[in-house]
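J.: If you scroll down you'll find the structure; I have some questions about it.
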Amino acid sequence: MNKIKIAEGVYWVGAIDWNARSLHGDNYVTHHGTTYNAYLIMDEKITLVDTVHGQFVDEMMARIKEVVDPDKIDYVVCNHIEPDHSGALPAVMKIIPQAKVICTLRAKDGLLKHYFSNWNFLTVKTDDEISIGKKTLRFIEASMLHWPDTMFTYIKEDALLLPNDAFGQHFASSQRFADEVEESIVIDEAAKYYANILMPFGQLVIKKIEEIQKSGIQIETIAPSHGLIWRKNHEKIISAYLRWAKGEAKKRVLVIYESMWRSTEKMATAIVQGIQDGDIEAVLYKISATDHSDIIKEVLEAKAILIGSPTVNNGVLPNIAPLLDDLKGLRPKDKIAFAFGSYGWGGGAVKTVEEKFKQAGMTIFEPGLTAKWVPDADELKKCHELGKRIAAEVKK
Ligand code: FEO
């Protein structure tokens, strides 16, 4: 196993989870696996920044041993307590029980309640600095990016930012740097990560990036806790984050639907045809055929979100409900929203979808379209015309 150096005296000592296919209670599908990134800084005070998922402690230890005996580690920085980064911490602390655990106050509280061990904590706040020899670590609290305990660690002398989950991607690779693989795939995974994890915190993302830029901190490398490290292309991920956080979408319409007997599907198809005929890009997803977290990524990039469901028990089909709840939590910014769906004995689905749109802070384009039983030619024409009106709105 070769040492993996990412800067002078800084080593990647994380783990590659090639087979991870879902995370976060199976709500996030990871088509490309993931990595848990930990970083070892060799200086007078040897410092480990973050650990890995508990299942990968042996891999991390083996990588550390390639550089130094783990019992020589003086400091462990915990940027974020979620177990995919702190899971191996108890095993590390068993070897170095006297080592300082550097974290925010909230992280200390969280670690005590996760691992029930009163380690030698040193709590830090924004702008606190610790000299570890030739290098200086500066800490930046980043509350809600994405948990209240989160902080970034910055190594001044290397212009290296270690921002934990922020700027990360679930992407397993034998390579360590984003410029060593097909960039569009990495950006796509970063978009999915942003959409599913950070979308509700757009304002905080903008504020944090501006705060860092104003503070005069120079960044040459961004090394997140998942996926690949942004080296030559770090400006690209920062500008992508600003674009996503500001809600800047593509001129694209996302149509999502579920159907029992294909009536709502016919409506969806007619709407998509109308959007296409209005010269705007449309993408169509049937909920039951697509992973939920992939649809959330599409929400990020679309200007208009159309959701169709037939009525069941005066509401929506059950498998569309989690997406509606997710939208409420994610609060996508500046989206045009529209509901449609068929019904039989009684309606209700369109009203339910519209209520969820309002709760998500989305602007309803116009009252939803319904069709009784099977949409006839006139109803399908209305769907097509609606598609053209949506396209015209997106074009503005
Ligand atoms: Fe990658 Fe919030 O844990």
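J.: For segment 303-336, which residues satisfy the criterion of being farther than 16 Å from Val272 by Cβ and hydrophobic (A, V, I, L, M, F, W, C)?
T.: Val312, Val316, Leu317, Ile320, Ala321, Leu323, Leu324, Leu327, Leu330 - these are the residues of segment 303-336 that are farther than 16 Å from Val272 by Cβ and hydrophobic (A, V, I, L, M, F, W, C).
J.: Take the conditions buried (at least 23 other Cβ atoms within 10 Å of the Cβ) and either of a type outside the set (S, T, N, Q) or within 30 Å of Thr35 (Cα to Cα) (or both) and apply them to Gly274. Does it pass?
T.: Here the answer is yes, as Gly274 does meet what is asked.
J.: Scanning segment 212-223 for residues that are without any contact (Cβ under 8 Å) to a residue 60 or more places away in the chain and outside any loop (DSSP other than H, G, I, E, B), which turns out nearest to Arg21 (Cα to Cα)?
T.: Checked segment 212-223; the qualifying residue nearest to Arg21 (Cα to Cα) is Gln213.
J.: Here's something else I'd like to know. So is Thr150 surrounded by 15 or more Cβ atoms within 10 Å (Cβ to Cβ), in contact with a His (Cβ under 7 Å, 6 or more places away or on another chain) and of a type in the set (S, T, N, Q) or not?
T.: Against the criterion (surrounded by 15 or more Cβ atoms within 10 Å (Cβ to Cβ), in contact with a His (Cβ under 7 Å, 6 or more places away or on another chain) and of a type in the set (S, T, N, Q)), Thr150 qualifies.
J.: Does Pro200 satisfy the criteria of being assigned to a loop (DSSP other than H, G, I, E, B), within 16 Å of the ligand (Cβ to nearest atom) and either free of Cβ contacts under 8 Å to residues at least 24 places away in the same chain or closer than 28 Å to Gly25 by Cβ (or both)?
T.: Considered against the rule, which asks whether it is assigned to a loop (DSSP other than H, G, I, E, B), within 16 Å of the ligand (Cβ to nearest atom) and either free of Cβ contacts under 8 Å to residues at least 24 places away in the same chain or closer than 28 Å to Gly25 by Cβ (or both), Pro200 comes out as no.
J.: Now a separate question. For segment 132-144, name all the residues that are within 16 Å of the ligand (Cβ to nearest atom) and polar (S, T, N, Q).
T.: Once the filter is applied, which keeps residues that are within 16 Å of the ligand (Cβ to nearest atom) and polar (S, T, N, Q), segment 132-144 yields only Ser143.
J.: In segment 161-197, how many are without any contact (Cβ under 8 Å) to a residue 40 or more places away in the chain, within 12 Å of the ligand (Cβ to nearest atom) and surrounded by fewer than 24 Cβ atoms within 10 Å (Cβ to Cβ)?
T.: Adding up the residues that qualify gives 0.
J.: Find all pairs meeting these conditions: Cβ atoms under 8 angstrom apart; at least six residues apart or on different chains; first residue within segment 230-249 and at negative phi and touching a residue at least 24 places away in the same chain (Cβ under 8 Å); second residue acidic (Asp, Glu) and outside any loop (DSSP other than H, G, I, E, B).
T.: If the second residue must be acidic (Asp, Glu) and outside any loop (DSSP other than H, G, I, E, B), the pairs left are Arg231/Asp179; Lys232/Asp179; Asn233/Asp179; Asn233/Glu183; Lys236/Glu183; Ala249/Glu301.
J.: Looking at the structure I just gave you, is Lys251 at pLDDT 95 or above, more than 15 Å from the ligand (Cβ to nearest atom), over 14 Å from the mean Cα position of the chain (by Cα) and assigned to a helix (DSSP H, G or I)?
T.: So Lys251 fails the test.
J.: Criterion first (more than 16 Å from the ligand (Cβ to nearest atom) and surrounded by 20 or more Cβ atoms within 10 Å (Cβ to Cβ)) does Lys100 satisfy it?
T.: Considered against the rule, which asks whether it is more than 16 Å from the ligand (Cβ to nearest atom) and surrounded by 20 or more Cβ atoms within 10 Å (Cβ to Cβ), Lys100 comes out as no.
So that you can scan it fast, the table gives a plain yes or no per residue for (1) surrounded by fewer than 17 Cβ atoms within 10 Å (Cβ to Cβ); (2) farther than 29 Å from Lys232 by Cα; (3) more than 16 Å from the ligand (Cβ to nearest atom):
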position	(1), (2), (3)
Ala107	no, yes, no
His114	yes, yes, no
Ser117	yes, yes, yes
Lys125	yes, yes, yes
Ile130	no, no, yes
His146	no, no, no
Tyr154	no, no, yes
Ala159	yes, no, yes
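J.: I would also like to ask the following. Select, from Lys333, Lys351, Lys328, the only residue that is surrounded by fewer than 22 Cβ atoms within 10 Å (Cβ to Cβ), in a loop (DSSP other than H, G, I, E, B) and within 31 Å of the chain's Cα centre (by Cα).
T.: It is Lys333.
J.: Same structure again: Any residue in segment 363-376 that's closer than 19 Å to Ile390 by Cα: show its pairings with residues that are assigned to a loop (DSSP other than H, G, I, E, B) at Cβ separation under 7 Å, as long as the two are six or more apart or on different chains.
T.: If the second residue must be assigned to a loop (DSSP other than H, G, I, E, B), the pairs left are Thr370/Gly347.
J.: Does any residue of segment 214-225 turn out to be modelled with pLDDT under 95, aliphatic (A, V, I, L, M), surrounded by fewer than 18 Cβ atoms within 10 Å (Cβ to Cβ) and closer than 19 Å to Leu160 by Cα?
T.: Yes, segment 214-225 contains at least one residue that is modelled with pLDDT under 95, aliphatic (A, V, I, L, M), surrounded by fewer than 18 Cβ atoms within 10 Å (Cβ to Cβ) and closer than 19 Å to Leu160 by Cα.
J.: Which is farther than 20 Å from Pro200 by Cβ, under 19 Å from the mean Cα position of the chain (by Cα) and without any contact (Cβ under 8 Å) to a residue 40 or more places away in the chain, of Thr290, Thr311?
T.: From the options Thr290, Thr311, the qualifying one is Thr290.
J.: Just to be sure I understand, how many residues within segment 43-57 are on the phi < 0 side of the Ramachandran plot, buried (at least 20 other Cβ atoms within 10 Å of the Cβ) and either away from the ligand (no atom under 14 Å from the Cβ) or not in a helix (DSSP H, G or I) (or both)? Explain how you work it out, then say what you get.
T.: Going through segment 43-57, the residues on the phi < 0 side of the Ramachandran plot turn out to be 43-49, 51-57.
Checking which are buried (at least 20 other Cβ atoms within 10 Å of the Cβ) leaves us with 46-49, 51-53, 56.
Now narrow it down to the ones that are either away from the ligand (no atom under 14 Å from the Cβ) or not in a helix (DSSP H, G or I) (or both): 46-49, 51-53.
Selection size over segment 43-57: 7.
J.: Which of the residues belonging to segment 71-97 are more than 16 Å from the ligand (Cβ to nearest atom) and of a type outside the set (A, V, I, L, M, F, W, C)?
T.: Asp71, Lys72, Asp74, Tyr75, Pro90, Lys94, Pro97 - these are the residues of segment 71-97 that are more than 16 Å from the ligand (Cβ to nearest atom) and of a type outside the set (A, V, I, L, M, F, W, C).
The values are calculated or read from the model by the stated rules, or taken from the named source; none is laboratory data. Keep in mind it's a predicted model, so treat the numbers as computed, not measured. Note that we place each Cβ from the backbone using ideal geometry, even for glycine, and neighbour counts take in every protein chain shown.
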